[in-house]
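*Asks:* Let me give you the structure first, and then I'll get to my questions.
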């Protein structure tokens with residue numbers, strides 16, 4: 001399988017509903033919850049790409065472009081965007097959808113860097 005085919009096959013998607021336990025006093029999604037979900041989908045994407053143990057080493061420029069209100073649906077999409085020797089980067093976008101209207105918008109985007117590690121947590125080649 002080529003690198004591009006692996007990237008395509010590793011794309012990961014998670015859907016969630018924004019319920020009250022995930023919102024703040026403005027009835028919008030907590031930023032920390034969004035970041036946790038983004039790291040999770042990024043981890044899944046990185047693992048699916050290289051099929052090795054990976055750890056998050058950084059998150060870069062998470063842009064909160066639109067607040068996510070309670071009672072909506074979000075889709076998180078993770079895609080491998082960069083491949084190094086022992087590291088890879090995963091871009092994650094969160095799209096918000098109204099439950100009862102045909103409207104979808106990108107709300108949050110960010111990038112996460114992972115390193116492949118051995119059983120002693122030392123870096124190893126991604127491929």
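The values are calculated or read from the model by the stated rules, or taken from the named source; none is laboratory data. What you see is a predicted model, and the numbers here were worked out from it, not measured in a lab. No Cβ is skipped: glycine too gets one built from the backbone with ideal geometry, and neighbour counts run over all protein chains shown.
*Asks:* Can you find a residue in the range 45-55 that is surrounded by fewer than 18 Cβ atoms within 10 Å (Cβ to Cβ), in contact with a strand residue (DSSP E or B) (Cβ under 7 Å, 6 or more places away or on another chain), under 26 Å from residue 23 (Cα atoms) and modelled with pLDDT of 95 or more?
*Replies:* The first filter runs over the range 45-55 and keeps only residues surrounded by fewer than 18 Cβ atoms within 10 Å (Cβ to Cβ), leaving 47-48, 51-53, 55.
With the extra rule that they be in contact with a strand residue (DSSP E or B) (Cβ under 7 Å, 6 or more places away or on another chain), the set shrinks to 47-48, 52-53, 55.
Checking which are under 26 Å from residue 23 (Cα atoms) leaves us with none.
Checking the range 45-55: not a single residue is surrounded by fewer than 18 Cβ atoms within 10 Å (Cβ to Cβ), in contact with a strand residue (DSSP E or B) (Cβ under 7 Å, 6 or more places away or on another chain), under 26 Å from residue 23 (Cα atoms) and modelled with pLDDT of 95 or more.
*Asks:* Out of 61, 103, 52, 89, I need the residue that is without any contact (Cβ under 8 Å) to a residue 60 or more places away in the chain and within 27 Å of residue 2 (Cβ to Cβ). Which one? Give the derivation first.
*Replies:* Values: 61 fails: within 27 Å of residue 2 (Cβ to Cβ); 103 fails: within 27 Å of residue 2 (Cβ to Cβ); 52 fails: without any contact (Cβ under 8 Å) to a residue 60 or more places away in the chain.
One residue alone meets the criteria, 89.
*Asks:* Go through (1) under 14 Å from residue 7 (Cβ atoms); (2) more than 16 Å from the chain's Cα centre (by Cα); (3) surrounded by fewer than 14 Cβ atoms within 10 Å (Cβ to Cβ) and name the single condition residue 121 misses.
*Replies:* (1)
*Asks:* So, one more: If you take the residues of the range 16-35 that are surrounded by 11 or more Cβ atoms within 10 Å (Cβ to Cβ) and within 15 Å of the chain's Cα centre (by Cα), which of them is nearest to residue 74 (Cα to Cα)?
*Replies:* Step one: filter the range 16-35 for residues surrounded by 11 or more Cβ atoms within 10 Å (Cβ to Cβ), giving 16-18, 22-24, 27-31, 33-35.
Still in the running and within 15 Å of the chain's Cα centre (by Cα): 16, 31, 33-35.
Numbers: 16: 5, 31: 14, 33: 12, 34: 10, 35: 13 Å.
Step by step, filter the range 16-35, then rank; the result is 16.
*Asks:* Being out of contact with any helix residue (DSSP H, G or I) (no Cβ under 9 Å at 6 or more places or on another chain) and closer than 20 Å to residue 32 by Cβ narrows it down to one residue among 57, 92, 117; which is it?
*Replies:* Working: 92 fails: out of contact with any helix residue (DSSP H, G or I) (no Cβ under 9 Å at 6 or more places or on another chain); 117 fails: closer than 20 Å to residue 32 by Cβ.
Exactly one residue qualifies, and that residue is 57.
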